[in-house]
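Below: the structure, in structure tokens.
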Amino acid sequence: MRDPRYDILFTPLAIGPVTAKNRFYQVPHCNGGGYRDPSAAAAMRGVKAEGGWGVIFTEQCEIHHTSEITPFIELRLWEDQDIPAIARMAEKMKSHGALAGIQLAYSGVNGPNFYTREVPLAVSALPIRTFTNDPVQARALTKSDIRDLRRWFVNAARRSKAAGFDLICLYGAHGFGIFQHFLSRATNQRSDEYGGSLENRSRFAREVVADLRDAVGDTMGLTMRVSLDETIGELGFSNAELRDFIEMNGDLPDMWDLAHGTWEDCSGPSRFKEEAAQEVLVRGIRALTSRPVVGVGRFTSPDVMVRMLKSGTLDAIGCARPSIADPFLPKKIEEARPEDIRECIGCNICITGDMTHGISRCTQNPTFMEEWRKGWHPEQMNAKGQSERVLVVGAGPAGLEATRALAERGYDVALAEAGNALGGRVARERMLPGLSAWGRVADYRAYQIGQKPNVEVYFDSRLDAAGIVDFGFQHVCIATGAHWRRDGVSRQHVVPFPIDPAMPLFTPDDLMAGLRPSGRVVIYDDDHYYMGGVLAELLRREGHEVTIVTPSAYLSDWTVNTLEQHAIHRRLAGMGVEIVLNRGVTAIGRGEVTTNCTYTGAPSPIGCDAVVMVASRSPEDALYRDLLAREAEWADAGILSVKLIGDAEAPGPIAWATYAGHRYARELDGAELGDALPFRREVTELAPE
């Protein structure tokens, strides 16, 4: 059935003693579940197996209690009692013929050990490197410690084999793994046989691989994930030195897994990183080794995948985020349905689940990490309930996903949109600098809806409560979105602050509608996500003198969780945007704004000709409230329910909206849960006293 151009993607690949059925390789990725939600993580990986992936890996798995990264929630394999949880993952991964892989990690200088209270061990005695500058230092591994560490890797490998895994990945990229710490001169300042020359810095990797070959290498493939470039110059592990390392140790693992030296560079969002962004760093490495090579690059296009294989750049297509957005990506290519792929938009909301220690989400795939918790399948909806007709008001991300999923269930759906285009906020935001890929949220759903004979779309349809009551739909879903506030209410201010009407004032909605300020512009960003920075870039590109003011210590503070905060600050500073941190805005007057220090309250004016207010958003819920006021008429009109969803209920990121739309569609006509939890969870078992 598949297009012959893509046949190469489905050829088997030998990885040491095991063989992958195709070239689709889900590299290790976090998911916010780890040791806390093992069944949820296992079911998520199992869905990928069903979707056709040839290789599926866990996230990083801590091998020993002397190196753990609390508060982050990853897997643990510290002792035999950890085996059952990861064995469940291996079983799910292998359920449809995929190879099951586990990533073994010792975090070294990245492990503060807040849970175990063990003194951290690192290649050299240095402060712990974490996202939050934890006030902890590591002591240097002694020769005896290194022998212990080699034994701990062997113990973890044997436990992995007992759990049923086929592949082991030794973690040495993104700055997080002990193998990178040995290889990099930035973290390896030793003067013994493990430091100094590249040959010496490679010694630990050679020893561990030899140990594991003796222990499990006859039945398990051994892969090594190494840094493509730490991008810190000669002090770090550069791309040139990586090539020397692989040429020197070409046959060391059964497969080389290549990833950028920092997580921010490797998994940068689409705003800063294009598909296949790491190709230039990978090209030519395959010629240095007889072993296969896998690399990543947010691959979503099967044509780009084929090019990477046919050019000899890669032997397998490594995917993390694309496998989250669409676990059935391989199967859709195999079944000649590439138009049905939910392409990753590179927003990195998935990563925020790990960074915030919650459960991961995906903007494109609302079922991600809900496969076990709620029984949601990314390609299969539950059967239709007893009712027939649903009216969805609003064609933004929540309304589009609700419409798509309701139609999949078999309901007759009318989608009413006040404007003349599908997408709502996505249709507007995709036009902003760097956000074009976000338009895939609307494109995917618009295409799917267009294939459904049970969906009618009505444009230029601004409905009122009286009209909806007269229509007689059984269910009404209100997804009318939200608008940006003009009065400054957000986090710094819970009530409006003084604003002189003589000052030209704009909101993000105004700029996205094509309105523009003139002269010097101050952007007040009390939203702290991407919008303030994106608008600063937009206006600076158009020639404005721009100052962005934020009460936070970081520009676009929350984007630390999407791995782009540094890139945003660097880009805007490089464009000449003046960045004012730790200052709020207390008043907007004629020709100036008054800022205040968030610590002392000391005021300071900034002269300007216009202000862009990036504060909070107000739900567009007037229609919903009008319908509630007429609830007495619902029964006579045949209305069974009216539900408010998405930004119209509570504004949030786009992923919150698509989730709300999907949840509405799943739960329509469902049984009332009462006080019961709407999802499953696992509870820690009490040990005997």
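Provide a single number: the residues in segment 1-18 that are touching a residue at least 24 places away in the same chain (Cβ under 8 Å), surrounded by fewer than 16 Cβ atoms within 10 Å (Cβ to Cβ) and out of contact with any Lys or Arg (no Cβ under 7 Å at 6 or more places or on another chain).
Count: 5.
What pairs come out if I take residues in segment 434-449 that are outside any helix (DSSP H, G or I) and pair them with residues that are of a type in the set (S, T, N, Q) whose C-beta lies under 9 Å away, six or more apart or interchain?
Here the result reads 434/270; 435/270, each pair linking segment 434-449 to a residue that is of a type in the set (S, T, N, Q).
For segment 391-409, what are the residues that are outside any helix (DSSP H, G or I) and not aliphatic (A, V, I, L, M)? Before you say what the answer is, go through the steps one by one.
Within segment 391-409, the subset outside any helix (DSSP H, G or I) is 391-396.
Of everything in segment 391-409, those that are outside any helix (DSSP H, G or I) and not aliphatic (A, V, I, L, M) turn out to be 394, 396.
Can you name every residue in segment 367-390 that is among the polar types (S, T, N, Q) and over 18 Å from residue 672 (Cα atoms)?
Looking only at segment 367-390, we keep the residues that are among the polar types (S, T, N, Q), and these are 367, 380, 382, 386-387.
367, 380 - these are the residues of segment 367-390 that are among the polar types (S, T, N, Q) and over 18 Å from residue 672 (Cα atoms).
Is segment 206-224 home to any residue that is among the hydroxyl-bearing types (Ser, Thr, Tyr), modelled with pLDDT of 95 or more and either closer than 22 Å to residue 289 by Cβ or in a helix (DSSP H, G or I) (or both)? Please lay out each step first, then the result.
Narrowing segment 206-224 to residues among the hydroxyl-bearing types (Ser, Thr, Tyr): 219, 223.
After this cut, where a residue has to be modelled with pLDDT of 95 or more as well, the list is 219, 223.
Of the ones still in play, those that are also either closer than 22 Å to residue 289 by Cβ or in a helix (DSSP H, G or I) (or both) are 223.
Yes, that holds for at least one residue.
Name every residue in segment 562-609 that is of a type in the set (D, E, K, R) and either in a strand (DSSP E or B) or under 30 Å from residue 363 (Cβ atoms) (or both), in order of residue number.
Pass one, segment 562-609, residues of a type in the set (D, E, K, R): 564, 570-571, 578, 583, 590, 592, 609.
564, 570, 571, 578, 583, 592 - these are the residues of segment 562-609 that are of a type in the set (D, E, K, R) and either in a strand (DSSP E or B) or under 30 Å from residue 363 (Cβ atoms) (or both).
Can you find a residue in segment 96-117 that is under 28 Å from the mean Cα position of the chain (by Cα), farther than 21 Å from residue 30 by Cα and not in a loop (DSSP other than H, G, I, E, B)?
Scanning segment 96-117, I find at least one residue that is under 28 Å from the mean Cα position of the chain (by Cα), farther than 21 Å from residue 30 by Cα and not in a loop (DSSP other than H, G, I, E, B), so the answer is yes.
Please go through segment 642-665 and give me each residue that is out of contact with any helix residue (DSSP H, G or I) (no Cβ under 7 Å at 6 or more places or on another chain) and under 15 Å from residue 406 (Cα atoms), ordered by number.
659, 663, listed by residue number.
Where the second residue is acidic (Asp, Glu) and assigned to a loop (DSSP other than H, G, I, E, B) and the first is without any contact (Cβ under 8 Å) to a residue 24 or more places away in the chain and at negative phi and lies in segment 237-256, which pairs have Cβ atoms under 6 Å and are six or more apart or on separate chains?
Once the first residue is without any contact (Cβ under 8 Å) to a residue 24 or more places away in the chain and at negative phi and sits in segment 237-256, its partners that are acidic (Asp, Glu) and assigned to a loop (DSSP other than H, G, I, E, B) give 238/229.
Please pick out the residue among 615, 573 that is surrounded by fewer than 16 Cβ atoms within 10 Å (Cβ to Cβ) and touching a strand residue (DSSP E or B) at 6+ places or on another chain (Cβ under 8 Å). Can you show your working first?
On the way: 615 fails: surrounded by fewer than 16 Cβ atoms within 10 Å (Cβ to Cβ).
Only one candidate passes the filter, namely 573.
Evaluate segment 355-372: report whether one residue or more is in contact with a strand residue (DSSP E or B) (Cβ under 9 Å, 6 or more places away or on another chain), assigned to a loop (DSSP other than H, G, I, E, B) and surrounded by fewer than 24 Cβ atoms within 10 Å (Cβ to Cβ). I'd like the intermediate steps shown before the answer.
The initial filter retains those residues of segment 355-372 that are in contact with a strand residue (DSSP E or B) (Cβ under 9 Å, 6 or more places away or on another chain), namely none.
For segment 355-372, residues in contact with a strand residue (DSSP E or B) (Cβ under 9 Å, 6 or more places away or on another chain), assigned to a loop (DSSP other than H, G, I, E, B) and surrounded by fewer than 24 Cβ atoms within 10 Å (Cβ to Cβ): absent.
The values are calculated or read from the model by the stated rules, or taken from the named source; none is laboratory data. Please read these numbers as outputs of a predicted model, since none were measured by experiment. Cβ coordinates were reconstructed from backbone atoms using ideal geometry, including for glycine residues, and neighbour counts include every protein chain displayed.
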